[in-house]
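The values are calculated or read from the model by the stated rules, or taken from the named source; none is laboratory data. Note that this is a predicted model, so its numbers are computed, not measured. Glycine gets a Cβ as well: all are built from the backbone with ideal geometry, and neighbour counts include every protein chain shown. Heavy atoms of the whole protein, side chains included, go into the accessibility calculation; ligands, DNA and RNA do not. Shrake-Rupley method; radii C 1.70, N 1.55, O 1.52, S 1.80 Å.
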Amino acid sequence: MLKAVQSLVDAITPDRCTICNKPLLGSYRVNKWGQKACVEHNLAFCTSCGRYVLPSDLCTPDGRHTCSECIGKVVRKPEHIEWVYSRVAAIFERNFLALPGKIPVEIVTAEQMSALHGASLSGVKMPSGLTVSRGVNFLGAPMQHKVYILDYHHKVVFGGILAHELLHVWQNEHHIELPKNYCEGFCNLGSYLFYTYLDNELSQKHAQWMLESQDPIYGEGFRQVKAIFEREGGRNLEKTMEILVKKSR
């Protein structure tokens, strides 16, 4: 009887706004997490998970937000980086790709990321990651690589960014030049493999968003590479790259 009464109460009680907690009696907005908010709110979204953020949540100087769900899982320390890095490297090894040694990774602010890019960021959304590779010199010294990742990312998202950038490292190390849809699609495949390996709620969301992305490079290009990886490439990253190189000639 009590359960029936509670079900009836739930059915007639309006949902409440995630931001102000007021009953939602008219039109409202809904995000990909099912959170609902009054239409009059100037909504902001968490950079890592896409949830609505509250005024009390973190906002960085460059305008990015981190919600209360993600702030405790942000990658900040060297041991955090190592935890993520070891898992990304293991996923690549499972899929038959070896990185060219341990690649240094540095967390940077938006200001530092902008400086690393120089004038190339004018009017462009701040990138979450950057790979810098210096080529072989006349003495035959090996290439030097470094990955920079924007600060305040949840470890799941940090891992997706790191996997993407490390596959840029691998392509640079092997002097591979591909059309952008294959180059970025291959790197995004690394992110997707990381997300599906973790298989938690946030990683599942990011994997699904990648599959649904309408971006011609990072969405469609990724899906093209993923199809080759699964059908022709035998879920082997190096073999998949060989196929992509042949298709690009």
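Size descriptors for segment 17-153 (Cα atoms only): Rg and Dmax, in that order, 19.8, 72 Å. Overall, the anisotropy analysis places segment 76-177 in the oblate class: the square-rooted eigenvalues a ≥ b ≥ c of its C-alpha gyration tensor yield a/c not less than 1.5, with a/b not exceeding b/c.
The radius of gyration of the Cα set in segment 50-106, together with its Dmax, comes out at 15.7, 45 angstrom. Working from label points 7 Å from Cα in the Cα-to-Cβ sense, the GLU106 to GLU212 distance is 3.7 nm. With every protein chain in place and a 1.4 angstrom probe, the accessible-area ranking of SER114, SER68, largest first, reads SER68, SER114.
When the chain is treated as a Gaussian network with alpha carbon springs shorter than 10 Å, the biggest mean-square fluctuation among CYS46, CYS38, CYS20 belongs to CYS20.
GNM on the chain, alpha-carbon springs under 10 angstrom: the most fluctuating residue among HIS164, HIS206, HIS80 is HIS80. Applying both filters, DSSP loop and at most 16 other Cβ atoms within 10 Å, to the trypsin sites (Lys or Arg not before Pro) of segment 10-89 gives LYS32, ARG76. Within the same chain, lysines fewer than 8 places from LYS155 are excluded, and of the rest, those with a Cα less than 30 Å from its Cα are LYS32, LYS36, LYS73, LYS77, LYS102, LYS125, LYS146, LYS180, LYS205, LYS226, LYS239. The stretch between GLU232 and LEU116, if pulled fully straight at 0.36 nm per residue, gains 38.0 nm over its current Cα-Cα span. For chymotrypsin sites (Phe, Trp or Tyr not before Pro), the sites in segment 129-236 that DSSP calls loop and that have at most 11 other Cβ atoms within 10 Å are PHE138. Every pair of different Cα atoms in segment 188-249 enters the Kirkwood calculation, which places the hydrodynamic radius at 12.0 Å.
Would you work out what percent of the accessible area of segment 33-169, with all protein chains in place, is carbon or sulfur (probe 1.4 Å)? Solvent-exposed carbon and sulfur of segment 33-169 make up 54 percent of the total.
Of all aspartates and glutamates in the structure, the ones whose alpha carbon falls short of 15 Å from that of LYS22, not counting any fewer than 8 places away in one chain, are GLU40. Taken along the Cα-to-beta-carbon direction at a fixed 7 Å, the label points for SER86 and SER56 span 3.5 nm. In this view, the solvent-accessible surface of LEU130, computed with a 1.4 Å probe and all protein chains in place, comes to about 30 Å². The mean of 1/r over all distinct Cα pairs in segment 146-203, once inverted, gives the Kirkwood hydrodynamic radius of 11.9 Å. Within the chain, the proportion of C-alpha pairs whose separation exceeds 23 Å stands at 58%. Entry note: segment 136-249 has Rg to Rh equal to 1.00, where both radii use alpha-carbon atoms and Rh is the Kirkwood radius. Quick one: check the C-alpha center-to-center distance for segment 202-249 versus segment 38-86, whole angstrom. Each part reduced to its Cα centre gives a spacing of 27 Å. Accessible surface for GLU184 stands near 20 Å², nearest 10, in the context of the full protein assembly shown (1.4 Å probe). Across the chain, C-alpha contacts under 8 Å between residues 6 or more apart give a mean separation that, scaled by the residue count, equals a relative contact order of 14 percent.
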